[in-house]
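These notes are about the structure you will find just below.
The values are calculated or read from the model by the stated rules, or taken from the named source; none is laboratory data. Quick caveat, the model's predicted, so the values are computed rather than measured. Reconstructed Cβ throughout: ideal geometry from the backbone, glycine too, with neighbour counts over all protein chains shown. Protein only, heavy atoms only, side chains kept; ligands, DNA and RNA dropped before computing areas. Shrake-Rupley method; radii C 1.70, N 1.55, O 1.52, S 1.80 Å.
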Amino acid sequence: MSEIIAIANQKGGVGKTTTAVNLAASLAVAEKRVLLIDIDPQANATTGMGFSRNDYEFNIYHVLIDRKKLSQIILKTSLPTLHIAPSNIGLVGVEKEFYDNKTKGRELVLKTKIEEIKDQYDFIIIDSPPALGSITVNALSAAHSIIIPIQCEFFALEGLAQLLNTVKLIKRTINPKLEIKGFLPTMFSTQNNLSKQVFADLKQHFKNKLFTANEDEYVVIPRNVKLAESPSFGKPIILYDIKSPGSVAYQNLAQSILAS
Ligand SMILES: Nc1ncnc2c1ncn2[C@@H]1O[C@H](COP(=O)(O)OP(=O)(O)O)[C@@H](O)[C@H]1O
Ligand SMILES: [Mg+2]
């Protein structure tokens, strides 16, 4: 059975896309069959994997408005067991479309679409937009669990209560099985006292929701310029600089998930 994980946080720039792309690639390198679904209109996961607008005609927008099946938009990547369902800026129209058409069960469109293909994958990783609108609700309704990246900077935990309330609400209404897989500290810098403070806060409040690997060491994603560079080469970090600290950290995250 496939495991469906949404990467979500309504704050922008916290490392959602970096986590989705690199977790998906690390799992694929560990020989798991992985589908990365990009449901952010900014389509950063799609471009970060090396696809440009001319490489595909249809995208997740056409799936959500029921013009295409998920299988009809899936693209192969340079990693043999990693596929991607691309996004495109046109996806911004979907919220309005859902609203105008009063689409019934609009929170469950993505879940229904995933149903048709899920047996072909061990993991399905969903990269969501920086908002708590109906796109993110679709992701959380389709997922077994959510990973919440937390940027180790000022205001890191701001807005978290709202996100956790949304998770609770979806759990109570649409998706009772939804779990918090874990909080993932991102862009951690040893030079920065604030980083240490954020990590200490996370440990204090969510100790058993942090990822561990290699004999119980916490998985923390360091600030690493290679992670910021690799999307411009259209590659996950593992294909760009496998030994960089960022690459090792995302491989540890994958190992932690595979071991659980
Ligand atoms: N660990 C990291 N080290 C350095 N830069 C990072 C790291 N994680 C993300 N970035 C960069 O920070 C920016 C925001 O990250 P991104 O994953 O796109 O966040 P989100 O999807 O939450 O908006 C991007 O330019 C990305 O390349
Ligand atoms: Mg993003």
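Listed conditions (1) at pLDDT below 95; (2) in contact with a helix residue (DSSP H, G or I) (Cβ under 6 Å, 6 or more places away or on another chain); (3) aliphatic (A, V, I, L, M) are all met by Val92, apart from (2).
Between Lys226, Lys209, Lys181, the distinction of being in contact with an Asp or Glu (Cβ under 8 Å, 6 or more places away or on another chain), over 18 Å from Lys11 (Cα atoms) and modelled with pLDDT of 95 or more belongs to Lys226 only.
Out of region 134-159, which residues are of a type in the set (A, V, I, L, M) and more than 14 Å from ligand 1 (Cβ to nearest atom)? If the condition is that a residue be of a type in the set (A, V, I, L, M) and more than 14 Å from ligand 1 (Cβ to nearest atom), then Val137, Leu140, Ala142, Ala143, Leu157 are the ones that fit. Would you confirm, using the coordinates I've provided, whether Ile60 is within 16 Å of ligand 1 (Cβ to nearest atom) and surrounded by 19 or more Cβ atoms within 10 Å (Cβ to Cβ)? Yes, satisfied.
When you scan region 30-47, do you find a residue that is more than 28 Å from Arg106 (Cα to Cα), open to solvent by 10 Å² or more (accessible area, probe 1.4 Å) and either among the hydroxyl-bearing types (Ser, Thr, Tyr) or within 9 Å of ligand 2 (Cβ to nearest atom) (or both), even just one? No. Of all residues in region 163-192, those satisfying the criterion of being part of a helix (DSSP H, G or I) and either more than 27 Å from Thr112 (Cβ to Cβ) or open to solvent by less than 50 Å² (accessible area, probe 1.4 Å) (or both) are Leu163, Leu164, Thr166, Val167, Ile170.
Across region 12-46, which residue is nearest to Phe123 (Cα to Cα) among those that are in contact with a Phe, Trp or Tyr (Cβ under 9 Å, 6 or more places away or on another chain) and within 7 Å of ligand 1 (Cβ to nearest atom)? Going through the qualifying residues, I end up with Thr19.
For region 208-225, taking the residues that are within 19 Å of the chain's Cα centre (by Cα) and outside any loop (DSSP other than H, G, I, E, B), the one that is farthest from Phe188 (Cα to Cα) is identified as Lys209. Right, Asp127: within 28 Å of Arg223 (Cβ to Cβ) and modelled with pLDDT of 95 or more or not? Against the criterion (within 28 Å of Arg223 (Cβ to Cβ) and modelled with pLDDT of 95 or more), Asp127 qualifies.
Among the residues of region 1-14, the one identified as part of a loop (DSSP other than H, G, I, E, B), over 18 Å from Ile135 (Cα atoms) and open to solvent by 10 Å² or more (accessible area, probe 1.4 Å) is Met1. Please go through region 114-137 and give me each residue that is touching a residue at least 12 places away in the same chain (Cβ under 8 Å) and open to solvent by 20 Å² or more (accessible area, probe 1.4 Å), ordered by number. Hits for region 114-137 are Glu116, Lys118, Asp119, Gln120, Asp122, Pro130, Ala131, Leu132, Gly133, Ser134, Val137. Residues that are closer than 21 Å to Leu23 by Cβ, free of Cβ contacts under 8 Å to residues at least 60 places away in the same chain and open to solvent by less than 20 Å² (accessible area, probe 1.4 Å) are absent from region 224-233.
In the list Pro185, Pro149, which residue meets the criterion of being touching a helix residue (DSSP H, G or I) at 6+ places or on another chain (Cβ under 6 Å), closer than 16 Å to Ala249 by Cβ and within 16 Å of ligand 2 (Cβ to nearest atom)? None of the other options fit; the residue is Pro149.
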